[in-house]
Amino acid sequence: MSGPKHECGVFGIWAPGADVARITFFALYALQHRGQESAGIATTDGERIVKHRGLGLVTQAFTEDDLRPLEGGWAIGHNRYSTRGATTLRNAQPFILQTLHGPLGLAHNGNVTNARTLRQLLLERGVGLSTNSDSELLLKALAVPVRDERAGEVGESVWLPRLQRLLRVAEGAYSLAVMNRDGIFGLRDPHGFRPLCIGELPYGDGQIGYVLASESCAFAPIGARYVRDVEPGEIVRLGPRGIESWRSPTVPRPAMCVFEYVYFARPDSDLEGRSVHLLRQRFGERLAQESPVAADIVVGVPDSALPAGIGFARGAGLEYIEGLIKNRYIGRTFIQPDARLRRDKVRLKYTPLRANLAGKRVVLVDDSIVRGSTAGPLVQLLRDGGAAEVHVRISSPPVRHPCFMGVDLGTHDEIIAHQKSVEEIRQHIGADSLAYLSLPGMLDVVRESDAARGYCSACFDGDYPISLEDGTTKLQFEDIHGA
Ligand code: 5GP
Ligand code: MG
């Protein structure tokens, strides 16, 4: 699989007359956990399109002076996730274009799995490309007309049939915020791998605007209200006619990424209408039932495993207590630690709270072990802090397979549970005991309110919902060109 992988944050807003760039800035600020490599905002009035992108956190990428030229009535924004690849502005989103039908902007979260095929189709069509990003392919595919395009027809957006075609030709994961003269379009791939939701934003003199975000945690800080998720395979338009929707006639089994519940989403978000925090607590409770251990206290690894830690303590009838303090200002640093400090990377981020740990048998709850470079140093940190025993409990099953749908979990070689058994991992991390939540246990929790719901759990069970062979589906020129 080529090209940069990215678990990102996307946002869109339709609110003519409001300061949409500023609102987008604060929405991206709330979606910062989804990506720290770069941030960008593009705004339009339907004719002109302006953008600014910068490296680092949203607060590093934007100054007041950068926001000022971003005028318009609607906007999109993007936070990009840092991968091990080069940190470069060239891949920073949103991507924008001028077209025959006015400006076009796109912000993408996910990973397109048939990028090579799409790239070939576009190049054959005479479309030039300037990055190796799969997101640029989506943008350029939108710029290609569909057959018999009836531009400018009253009440019809030229962009809708093009977006519908995109749902047919692009495979893999893509939650999109697309901006053009007709408003803000939101789109989720037919499996719905990555989340996307809609909100309502009261502003000005009794006006109602609309927003689109990867997660609902972006809404409260900007004064918006969660309306609903965009459904897998659905296209929505936020514009002068409010929220409009088009659904694909054929939608495969939904396969939202279960890792969003495990790690990625912010706990104060609702996914599929449910509190991420509460689900994580239930993971912890379930884990306590499945793999109890004699101990004195339960400590969660800040921040992502705190809800699971609380749930484990509740399920086990043990005291939940803080045992690790995380430096909350750590953000993303471009300063690389030297060799000595790199060995102690976890120590740059966490310190043990000796006052709570001394002499205690500790259950350390984390949400996941991926490469296996974090858990060992954390166990050692707790022992240094005085813990008598350290029992590690992981509130998800062993991650055994790479993700091709946008989460950067590394390759088979890098994923520790692909290489080692649970007992070997226990020895590797130096824990007194180690247990993971079972896959049926995790799926029971996420399916509690709807037993029939489908999820992608490929990183745990290797059962990929889509073909990963780029090029097996023979796309024809007509698929790009024709409606
Ligand atoms: P590892 O086992 O790879 O050393 O790291 C596991 C730790 O990384 C866990 O504490 C988990 O919360 C966190 N984690 C899991 N997935 C991701 C991810 O995609 N990105 C980042 N930055 N951390 C992750
Ligand atoms: Mg963590």
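The values are calculated or read from the model by the stated rules, or taken from the named source; none is laboratory data. Owing to the predicted nature of the structure, the values given are computational and were not obtained by experimental measurement. Backbone-built Cβ (ideal geometry, glycine too); neighbour counts: all protein chains shown. Ligands, DNA and RNA are excluded from the accessible area calculation, which covers all protein heavy atoms including side chains. Shrake-Rupley method; radii C 1.70, N 1.55, O 1.52, S 1.80 Å.
Of the residues PRO69, PRO103, which single one is touching a residue at least 12 places away in the same chain (Cβ under 8 Å) and loosely packed, with under 15 Cβ neighbours inside 10 Å?
Values: PRO103 fails: loosely packed, with under 15 Cβ neighbours inside 10 Å.
Residue meeting the stated conditions: PRO69.
Residues being touching a residue at least 60 places away in the same chain (Cβ under 8 Å) and closer than 30 Å to VAL112 by Cβ are represented in region 304-315 by at least one member. Note on region 208-232: residues that are open to solvent by 50 Å² or more (accessible area, probe 1.4 Å) and more than 27 Å from THR250 (Cβ to Cβ) amount to 5. Of everything listed in (1) touching a residue at least 40 places away in the same chain (Cβ under 8 Å); (2) within 16 Å of ligand 2 (Cβ to nearest atom); (3) surrounded by fewer than 23 Cβ atoms within 10 Å (Cβ to Cβ), the single unmet condition for SER373 is (1). Criterion applied to VAL422, VAL445, VAL407 was being under 30 Å from ASP470 (Cβ atoms) and either within 16 Å of ligand 2 (Cβ to nearest atom) or β-branched (Val, Ile, Thr) (or both), and the one residue passing it is VAL407. Restricted to region 356-367, and to residues that are open to solvent by 20 Å² or more (accessible area, probe 1.4 Å) and either free of Cβ contacts under 8 Å to residues at least 24 places away in the same chain or touching a strand residue (DSSP E or B) at 6+ places or on another chain (Cβ under 8 Å) (or both), which residue is nearest to ligand 1 (Cβ to nearest atom)? Taking the candidates together, the pick is ASP366.
Against the condition at positive phi and within 16 Å of ligand 2 (Cβ to nearest atom), how does GLY311 come out, does it pass? It is false that GLY311 is at positive phi and within 16 Å of ligand 2 (Cβ to nearest atom).
Restricted to region 13-92, the set of strands (runs of 3 or more DSSP E) holding at least 3 residues that are of a type in the set (A, V, I, L, M, F, W, C) and within 22 Å of the chain's Cα centre (by Cα) comprises 38-44. Apart from one condition, GLY233 fits all of (1) modelled with pLDDT of 95 or more; (2) within 16 Å of ligand 2 (Cβ to nearest atom); the exception is (2). Per the listing GLN120, GLN60, GLN93, the residue uniquely within 22 Å of TYR29 (Cα to Cα) and surrounded by fewer than 19 Cβ atoms within 10 Å (Cβ to Cβ) is GLN60. Restricting attention to region 390-416, the residues that are outside any loop (DSSP other than H, G, I, E, B) and away from ligand 1 (no atom under 13 Å from the Cβ) total 2. Would you please name the residue that is nearest to ligand 2 (Cβ to nearest atom), looking only at residues in region 376-390 that are open to solvent by 20 Å² or more (accessible area, probe 1.4 Å) and not charged (D, E, K, R)? Residue satisfying both the conditions and the ranking: PRO377.
Scanning region 292-330 for residues that are under 26 Å from the mean Cα position of the chain (by Cα), more than 14 Å from ligand 1 (Cβ to nearest atom) and among the basic types (Lys, Arg) yields one hit, ARG328. Looking across region 371-389, the residues that are among the small types (Gly, Ala, Ser), more than 8 Å from ligand 1 (Cβ to nearest atom) and outside any helix (DSSP H, G or I) come down to GLY385, GLY386, ALA387, ALA388. For PRO337, are the conditions met, namely being open to solvent by less than 60 Å² (accessible area, probe 1.4 Å) and in contact (Cβ under 8 Å) with a residue 24 or more places away in the chain? In short, no. Can you find even one residue in region 335-343 that is among the charged types (D, E, K, R) and within 16 Å of ligand 1 (Cβ to nearest atom)? Yes, region 335-343 contains a residue that is among the charged types (D, E, K, R) and within 16 Å of ligand 1 (Cβ to nearest atom).
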